[in-house]
Amino acid sequence: MQYDYSKNKEEKPDPVKADVKGTLPAWLQGTLLRNGPGMFSVGETSYNHWFDGLALLHSFTFKDGDVFYRSKFLRGDTYKCNMEANRIVVSEMGTMAYPDPCKNIFSKAFTYLSHTIPDFTDNCGTNIIKYGEDYYATSETNYIRKIDHDTLETYEKVDYLKYIAVNLVTSHPHYGKDGSSYNMGTSIADKGKTRYSIFKIPPTAQDKKSPSLKDLEVICSVPCRSLLTPSYYHSFGMTDNYIIFIEQPFKLDILKMATAYFRGVNWASCLNFHSNDNTLIHLIDRKTHKPVPTKFITDALVVYHHVNAYEEDGHVVFDVIAYKDNSLYDMFYLANLQGGLDQPKKMGKLTSKPEYKRFVLPLHSDKGVDVGSDLVKLKSTTAAALKEKEGKLYCKPEILFEGVELPRINYDFNGKKHRYVYVTGVELSPVPTKIMKLDVETKQMVEWSEENCWPSEPVFIPAPNPLEEDDGVVLSVVVCPEPGKSSFLLVQDARSFGEIARASVDTDIHIDMHGVFVPQRT
Ligand SMILES: CC1=C(/C=C/C(C)=C/C=C/C(C)=C/C=O)C(C)(C)CCC1
Ligand SMILES: [Fe+2]
């Protein structure tokens, strides 16, 4: 059976009641809010890349034993301009659009600002993030869109640049226990000062009127290793005392970007993987706001998703999903996604499988330690950090699993030593066919799959007053392209990974990217 990645999806703004089989826990009340691309052609024009598609929000609301589904396109300026012109007029990562007649809103588009950075898209289709009490649809540009998590309505466009000099910002922030959010972005506008900035947005003040971004505080700025080629990154790690930032040799070429529009190429062509370079791992002290002076390096890699990070006996341990090259992006060109499971030869292939890697950064001094010795003192891992010279350690990760992506943990364990990770299983094709629960202690895993079913990122929701890390449920959207079979929301007991309920909806559901669970206020 085949899922048509290029097909435009329809929105279902009115709630569709799902058919629930099994028993939902009574405490499971709230909304699973998800985001992903949903429209791939407008009029006669089409996007080239799956990530480019116009953002389609969708949600599953759990209310007193019932589940309701709905979906709605994000009504950003990009969506509106495209609809008005009946063609794609705003460029996305994989598609450069010409010209841009919607001058009233995108007046600055492609006229070079004094710094040669074009105005970016507000088609925020990657994730949903929370700043203060507000939810935003996000991509990786300087624009985010506030949304209503109940109705999926689109509210105002927020420009990070009003608050901090960042042109690119991740869609994977971290959250503190007090409701603070932490995120990071790159400033590429001022070529002499290309830098990465980590910032904090404190919880919403009592007077709820001011937007939470108004209180944004810069925690630390890290200069780029090479001013004209900052690293691309998609997420970062955070422990109680440190931020972990991987400056990988998958780089954005600013000069190429400045001329891309005239050269007729997309932004993605300005991203290059330099396999002969190394990777620099930055550890930023959250108290002093300064990078730790030790230089931690490792081989060239491409990381999109951090899994978790924590401190243990004078070390910082962090887990990531890593690739040996950047073939992941290429695989998601719509031309490479034709085919489907029954025609795998037609599909693009990953030339590097995702690997779950554990890195360990020793915090103790390397003074008096011989060159070549391993400074990692943890018994539980084979990850090493070999002294190269004074203040410089070469990190060798331990590979715990392979063929896994879209990692989620019990977020209460973020920054703490975790044992369980929920992931989708991927081989060398872009189609996730299973979800898994990984046990990083025993290195065992449990799988869930069903014929012709494509599950999305599994989201863990803790039970009230949990006794164990895996006390809760795992929610995954499962798309079934087979005619006559409904797509459904799968509810698993996180402990046993067994199905406890499924909420089937009699309507088309799209494959999505990321999302959050919004608990119902009690
Ligand atoms: C528009 C735009 C970008 C968008 C990137 C996006 C949308 C990335 C999504 C990545 C995902 C979903 C990865 C999953 O693992 C860039 C290249 C940052 C810079 C140029 C403008
Ligand atoms: Fe992501």
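The values are calculated or read from the model by the stated rules, or taken from the named source; none is laboratory data. Keep in mind it's a predicted model, so treat the numbers as computed, not measured. For neighbour counting, all protein chains shown are included, and Cβ atoms are generated from backbone atoms with ideal geometry for every residue, glycine included.
A residue that is within 16 Å of ligand 2 (Cβ to nearest atom), surrounded by fewer than 18 Cβ atoms within 10 Å (Cβ to Cβ) and over 15 Å from ILE321 (Cα atoms) can be found somewhere in the stretch 411-418. Tallying residues that are farther than 30 Å from LEU328 by Cα and surrounded by fewer than 17 Cβ atoms within 10 Å (Cβ to Cβ) within the stretch 387-404 yields 5.
One residue alone among ILE461, ILE500, ILE509 is β-branched (Val, Ile, Thr) and surrounded by fewer than 19 Cβ atoms within 10 Å (Cβ to Cβ), and that residue is ILE500.
SER476 falls short on exactly one of the conditions (1) closer than 28 Å to PHE413 by Cβ; (2) free of Cβ contacts under 8 Å to residues at least 60 places away in the same chain; (3) surrounded by fewer than 19 Cβ atoms within 10 Å (Cβ to Cβ), and that condition is (3).
Looking only at residues in the stretch 465-522 that are assigned to a loop (DSSP other than H, G, I, E, B) and within 16 Å of ligand 2 (Cβ to nearest atom), the one that is farthest from SER171 (Cα to Cα) is ILE511. Taking (1) among the β-branched types (Val, Ile, Thr); (2) within 13 Å of ligand 1 (Cβ to nearest atom); (3) surrounded by fewer than 21 Cβ atoms within 10 Å (Cβ to Cβ) in turn, ILE297 satisfies each apart from (2).
Look at (1) surrounded by fewer than 19 Cβ atoms within 10 Å (Cβ to Cβ); (2) under 15 Å from TYR233 (Cβ atoms) and you find that VAL303 fails only one, number (1).
Tally time: how many residues in the stretch 39-62 are part of a strand (DSSP E or B), of a type outside the set (S, T, N, Q), out of contact with any Cys (no Cβ under 9 Å at 6 or more places or on another chain) and under 14 Å from ILE88 (Cα atoms)?
Step one: of the stretch 39-62, the residues part of a strand (DSSP E or B) are 39, 41-42, 45-46, 49, 54-62.
Adding the requirement that they be of a type outside the set (S, T, N, Q) leaves 39, 42, 49, 54-58, 60, 62.
Keeping just the survivors that are out of contact with any Cys (no Cβ under 9 Å at 6 or more places or on another chain) gives 39, 42, 49, 54, 56-58, 60, 62.
With the extra rule that they be under 14 Å from ILE88 (Cα atoms), the set shrinks to 39, 42, 49, 54.
Counting residues in the stretch 39-62 that are part of a strand (DSSP E or B), of a type outside the set (S, T, N, Q), out of contact with any Cys (no Cβ under 9 Å at 6 or more places or on another chain) and under 14 Å from ILE88 (Cα atoms) gives 4.
Where in the stretch 88-204 are the strands (runs of 3 or more DSSP E), entirely inside, with at least 2 residues that are touching a Leu at 6+ places or on another chain (Cβ under 8 Å), modelled with pLDDT of 95 or more and within 15 Å of ligand 1 (Cβ to nearest atom)? Even if it seems obvious, please write down each step before you answer.
Working: elements: 127-131, 134-138, 143-147, 154-159, 181-187, 195-201.
In the stretch 88-204, 181-187 are the strands (runs of 3 or more DSSP E) which contain 2 or more residues that are touching a Leu at 6+ places or on another chain (Cβ under 8 Å), modelled with pLDDT of 95 or more and within 15 Å of ligand 1 (Cβ to nearest atom).
Within the stretch 479-498, residues that are free of Cβ contacts under 8 Å to residues at least 24 places away in the same chain sit with their Cβ atoms under 6 Å from residues that are in a loop (DSSP other than H, G, I, E, B) and hydrophobic (A, V, I, L, M, F, W, C), at 6+ positions apart or across chains, in these pairs: SER487/CYS480; SER487/ILE509.
Scan LYS287, LYS256, LYS251 and give me the residue that is within 16 Å of ligand 1 (Cβ to nearest atom) and outside any strand (DSSP E or B). Before you say what the answer is, go through the steps one by one.
Working: LYS287 fails: within 16 Å of ligand 1 (Cβ to nearest atom); LYS251 fails: outside any strand (DSSP E or B).
Being within 16 Å of ligand 1 (Cβ to nearest atom) and outside any strand (DSSP E or B) holds for just one of LYS287, LYS256, LYS251, which is LYS256.
Scanning the stretch 359-375 for residues that are in contact with a Lys or Arg (Cβ under 7 Å, 6 or more places away or on another chain) and among the aliphatic types (A, V, I, L, M) gives VAL369, VAL371, LEU375.
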